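Below is one structure, written out as structure tokens; comments come after it.
Bear in mind that the values in this text are calculations on the coordinates, not laboratory data. Computed from a prediction, not measured in an experiment: that's the story for all the values here. Cβ placement follows ideal geometry from the backbone for every residue including glycine, while neighbour counts extend to all protein chains displayed.
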Amino acid sequence: IEVHKAAMSVSDWRSKAQKGSLPSMPSQGKVLTVDIPNAESNFTARKAMIYLPPAALSDRPPALPVMELLAGQPGSPSRLIDAGNIAATMNAYAAKHDGLAPIVLVPDQNGEATHNSLCADTTQGNAETYLTTDVVNWAKKMLPVAKSARMWAMGGFSQGGTCTTQLVPRHPEIYGAMLPVDGELKPTNGSVGKMVQEYFAGDRKAYDEQVPVNAIASSGTSEQALFTGAGERDKESISNMRTIAAAARKAGMEVTELIVPGAGHDWHAVQAVWRPGLDWFGERTGLGEMAKSLKEYPQVEVLQ
């Protein structure tokens, strides 16, 4: 597939749409499997998957916002695309917004299904550098993506949600929003003592810096926003969400917390949260206004 460099802004695209002078584009977006080079990190990742909306496939695409989304562990990029219903959700959004939707990057943060990288740079691989440098540099070079942090979000399910709340506050120059679902309070693979030894060569401070509430307190900014959710039956994830949301509010972030009635630690919760999350991120990045309030979405309840 030939993908062209960005030729205009999202607002230019929208004004062309009003005049009926958009470049030609397919009616649906495309999901592709790609190898993202690990030039800076040397991290051994499986192939990534990406979703390109119709606008990205035109010969004069706009500079589009990006959602970098992470599966749980065990999991894989294809699992996130399939179980997250990404293509159908994005295509439905694009159909209502003149072919516009975020470009979705789904990199592999763990290297293999049974491994947990903790999404950090450790003795077991530089996952953080891979996700925040290699993946980002590749996308900015190869795809019609916007460059500013406000136009970039990270999101994820379970361990991918934990990675989101670790990495976004640590990289405010790259990401402006986070959309975690059913995440944990801290990177987790065995006891803290065991992780400090096995991943951080005994450096407790290096581990503590990866704990989301610490990352938010030390480098999160009021320019960033948190849009988060948890399944109603997943009491631990609800508690985790509330703790992280409180830290985000303290850092001055705009925060939305959703509960998904009837869902647990599962992909139903993810889909239910990301549907309004996509509309919210689309409004935040200029793709289109939210047509209804969060209270009007059928599968979620808003926590105050």
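Just to confirm my numbers, what's the Cα centroid distance between region 170-205 and region 245-266 in Å?
Cα centroid to Cα centroid, the span is 18 Å.
For G156, what residues show an amide H to amide H distance below 5 Å, using hydrogens built from the backbone and excluding near sequence neighbours?
For G156, the qualifying residues are L70, L179, V181.
Enumerate by residue number the GluC sites (Glu not before Pro) in region 265-296 meeting two conditions: DSSP loop (anything except H, G, I, E, B), and at most 13 other Cβ atoms within 10 Å of the site's Cβ.
Within region 265-296, the qualifying GluC sites (Glu not before Pro) (loop, at most 13 other Cβ atoms within 10 Å) are E289.
Under a point-charge model restricted to the Cβ atoms of Lys and Arg (+1) and Asp and Glu (-1), what is the dipole moment magnitude of region 117-200 relative to its Cα centre, in debye to the nearest 20?
Roughly 280 debye for region 117-200.
Jot down the radius of gyration and Dmax of region 128-245, Cα atoms only, both in angstrom.
When restricted to Cα atoms, region 128-245 yields Rg and Dmax of 14.6, 43 Å.
Put +1 on the Cβ of each Lys and Arg and -1 on the Cβ of each Asp and Glu in the chain; which of F227, L57, A206 then has its Cα farthest toward the positive end of the dipole?
After comparing all options, I get L57.
Report the convex hull volume per residue for region 10-303, counting only C-alpha atoms, in Å³.
Expressed per residue, the convex hull around the Cα atoms of region 10-303 is 113 Å³.
Would you work out which of A87, S76, I259 lies farthest towards the positive end of the dipole of the chain? Charges go on Cβ: Lys and Arg +1, Asp and Glu -1.
Projecting each Cα onto the dipole axis, the largest value belongs to A87.
Just to confirm a number: summing +1 for Lys and Arg and -1 for Asp and Glu over residues other than I238 whose beta-carbon lies under 13 angstrom from that of I238, what do you get?
-4
Please arrange C119, C163 by counting, for each residue, the other beta carbons lying within 10 Å of its beta carbon, fewest first.
The order, fewest Cβ neighbours first, is C119, C163.
Rounding to the nearest 20 debye, state how big the charge dipole of region 10-303 is about its Cα centre with +1 on each Lys and Arg Cβ and -1 on each Asp and Glu Cβ.
In debye, rounded to 20, region 10-303 gives about 580.
Take every DSSP beta bridge with both residues inside the chain and express the antiparallel ones as a percent of the total, to the nearest 5. Provide the component values of the computation, followed by the final result.
Values: 13 of 38 bridges.
Here the antiparallel bridges make up roughly 35 percent for the chain.
Quick check on the chain: helices-only [θ] at 222 nm, where DSSP H runs of length 4 and up contribute -39,500 (n - 2.57) each and the sum goes over total residues. Nearest 500, please.
Here the helix-only value at 222 nm equals -10000 deg cm²/dmol.
Taking a threshold of 31 Å on the Cα-Cα distance, which of the pairs K141/K295; K47/K295; K19/K140 fall above it?
Table pairs above 31 Å Cα-Cα are K141/K295; K47/K295.
Quick one: order T89, T122 by neighbouring beta-carbon count within 10 Å, fewest to most. It would help to have the intermediate numbers written out before the result.
Details: T89 18, T122 21.
With the sparsest Cβ surroundings first, the list reads T89, T122.
If you keep only loop residues by DSSP, which trypsin sites (Lys or Arg not before Pro) in region 66-174 have at most 16 other Cβ atoms within 10 Å of their Cβ? All intermediate terms of the calculation are to be shown ahead of the outcome.
Values: sites: R79, K96, K140, K141, K147, R150, R170; in loops: K147.
Passing both the DSSP loop test and the Cβ count: K147.
Sorted from fewest to most neighbouring beta carbons within 10 Å, what does the list S11, S117 look like?
S11, S117
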